[in-house]
Amino acid sequence: MEHSDGEAEHFYRALERRQVSVRVGIEATGHARWFERLLAELKFELWIGNAAEIKAARVRKQKTDRHDALLLLMLLVEDRFPRLWVPSPENRDLRQLIWHRHRLVQMRTRAMSQIQATAMNEGVRRKKALWSKSGRQQLESLLLAPWATRRRQDLLELVDRLSGTIAELTTAIEQEAHKRPEVLRLMTHPGVGPITALAFVLVIGSPDRFACGKQIGSYLGLIPCEDSSANRQRLGHITKQGSSLVRYLLAESAQAAVRWNSDWRRRYAHLSMQRDRRIAKVAMARRLAISLYWMWRKGYDYQQSLKFGSHAVEPGYRHGVK
């Protein structure tokens, strides 16, 4: 069935008029929100499956749309469909808020870097002080060629507009963070602000989805790739699976915790001497993710998590994903 000409929509609406019970299984993919909204409107059950596990279940070395459909149908009938957790529409919309702010910050950073380069070409090297009141005046007073002047003016106007929008979005994120007790609890951790805490809660969804902290590191792509055999272990770079935004925010928050907390600074210094500094940063980000997970799951703030210590010796501790 073609989607572009409405054939698929007519098919499902015909099923709805016949009042039959429908369950649809699809692989996880992008650009399918319209399809999810359609089935939700028709009150049909939609299962979204893990594409990697579905691919592993394929026996034949032939891949066509018909074979893929038959495979999905077989997995559904045999109750082997690798169903994924799907966030709510509200959750997805709040993720768009955080992503939008993040992209605008990146755009502002690129514009500010270009302005810094222009200033350095004129012999002005003030780093962060360039964005102070006196630095701005000095930047605007530089005598440049006509098109360089135009570029400086446009970039400064762009930075000003983006700064206003980013401040507005930051306020909205802070308001959403204060509506959620679990986010406020995570914000008691050193280096963790409302943006990191809210993004972590939105992406993880529920701590009950995971049985241990190790699975959090794997879910967020903060563990190394492995290709081991027999007695030889081969570890590579981190998998980078999961949300790239949450990985970035965790790394930034971990570095803030290293700067302001003596215990985190000591651990980071110890890892830096043993391994490369880049590896140490990723390790601290993974440690932060696990710490936030247990704070959320146990309902502890940061001081309580320090007091009660490790979870590994508690009764009922187990591995495995629900």
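The length gained by stretching the chain between THR188 and GLU78 to full extension, at 0.36 nm per residue less their Cα-Cα distance, is 35.0 nm. Sketch the reach of a paramagnetic label on ALA57 as a point 7 Å from Cα along Cα-to-Cβ, and name the residues of segment 1-34 whose backbone nitrogen lies under 15 Å away. Output list for this probe position: 23-28.
Of HIS102, HIS3, the residue with the largest accessible area leads and the full order is HIS3, HIS102 (1.4 Å probe).
Calculate what fraction, in whole %, of the accessible area of the chain sits on carbon and sulfur atoms when a 1.4 Å probe is rolled over the protein chains.
Details: 10590 of 20600 Å².
C and S atoms contribute 51 percent here.
Sorted from greatest to least, the principal axis extents spanned by the alpha carbons of segment 218-300 come out as 41, 30, 23 Å. Only protein heavy atoms count here; under a 1.4 Å probe, THR239 has an accessible surface of about 40 Å².
Roughly how many Å² of LEU104 are accessible to a 1.4 Å probe, to the nearest 10? Using a 1.4 Å probe on the heavy atoms, I get roughly 20 Å².
One decimal place: the segment ARG103-ASP68 gains 9.0 nm when fully extended, by the rule 0.36 nm per residue minus the C-alpha distance. Any idea what % of Cα-Cα pairs in segment 122-256 are farther than 21 Å? That tail contains 62 percent of the Cα-Cα pairs.
Structure shown: which of LYS214/LYS298; LYS63/LYS240; LYS55/LYS214; LYS179/LYS298 lie over 22 Å apart, alpha-carbon to alpha-carbon?
Table pairs above 22 Å Cα-Cα are LYS63/LYS240; LYS55/LYS214.
What is segment 1-49 by shape, rounded, prolate or oblate, if you read a ≥ b ≥ c off the alpha carbon gyration tensor as root eigenvalues and call it rounded for a/c under 1.5, prolate for a/b larger than b/c, and oblate otherwise? Show your work: numbers first, answer last.
Working: a/c = 1.97, a/b = 1.20, b/c = 1.64.
The shape class here is oblate.
With a 1.4 Å probe rolled over the protein heavy atoms of all chains, the accessible area of LEU42, LEU84 falls in the order LEU84, LEU42, largest first.
So between SER218 and TRP131, what do we pick up on full extension, going 0.36 nm a residue minus the alpha carbon distance? Intermediate values should be presented prior to the final figure.
Working: separation 87, 0.36 × 87 = 31.32 nm, distance 3.96 nm.
Full extension from SER218 to TRP131 adds 27.4 nm.
Working from label points 7 Å from Cα in the Cα-to-Cβ sense, the ARG209 to TRP47 distance is 1.8 nm. Note on the chain: dipole from Cβ charges, positive end direction compared against LEU139, PRO89, THR171; the farthest Cα belongs to LEU139. With each label modelled as a point 7 angstrom along the Cα→C-beta vector, the GLN153-MET273 pair spans 5.7 nm. Per residue, the accessible area of the chain comes to 64 Å², computed with a 1.4 Å probe over protein heavy atoms only.
In square nanometres, what is one fourth of the surface area of the convex hull spanned by the alpha carbons of segment 15-109?
Values: hull surface 34.6 nm².
The Cα convex hull of segment 15-109, projected and averaged over all directions, gives 8.7 nm².
Dipole size of segment 43-145 about its Cα centre, with +1 on Lys/Arg Cβ and -1 on Asp/Glu Cβ: approximately 500 debye, rounded to the nearest 20.
The GLU2 and GLU140 beta-carbon pair, evaluated with R₀ = 51 Å, returns a calculated FRET efficiency of approximately 0.35.
Rounded to the nearest 20, the size of the Cβ-charge dipole of the chain about its Cα centre is 1420 debye, with Lys and Arg at +1 and Asp and Glu at -1.
Rounded to the nearest 20 debye, the dipole size of segment 1-46 about its Cα centre is 260 debye, using +1 on the Cβ of Lys and Arg and -1 on the Cβ of Asp and Glu. Between the listed residues VAL22, HIS67, ALA197, the Cα displaced farthest toward the positive end of the dipole of the chain, a dipole computed from Cβ unit charges relative to the Cα centre, is found at ALA197.
Once all protein chains are placed together, VAL59 keeps about 130 Å² accessible to a 1.4 angstrom probe. How large is log10 I(q)/I(0) at q = 0.07, 0.10, 0.11, 0.12 Å⁻¹ when the Debye formula is applied to the Cα atoms of the chain, each weighted equally and without solvent? So the normalised log intensities work out to -0.44, -0.83, -0.96, -1.07.
The values are calculated or read from the model by the stated rules, or taken from the named source; none is laboratory data. Note that the structure is predicted; figures quoted are calculated from it, not measured. In this analysis, Cβ positions are derived from the backbone assuming ideal geometry, glycine residues included, and neighbour counts consider all displayed protein chains. Keep in mind that these areas ignore ligands, DNA and RNA; they rest on the heavy atoms of the full protein, side chains included. Shrake-Rupley method; radii C 1.70, N 1.55, O 1.52, S 1.80 Å.
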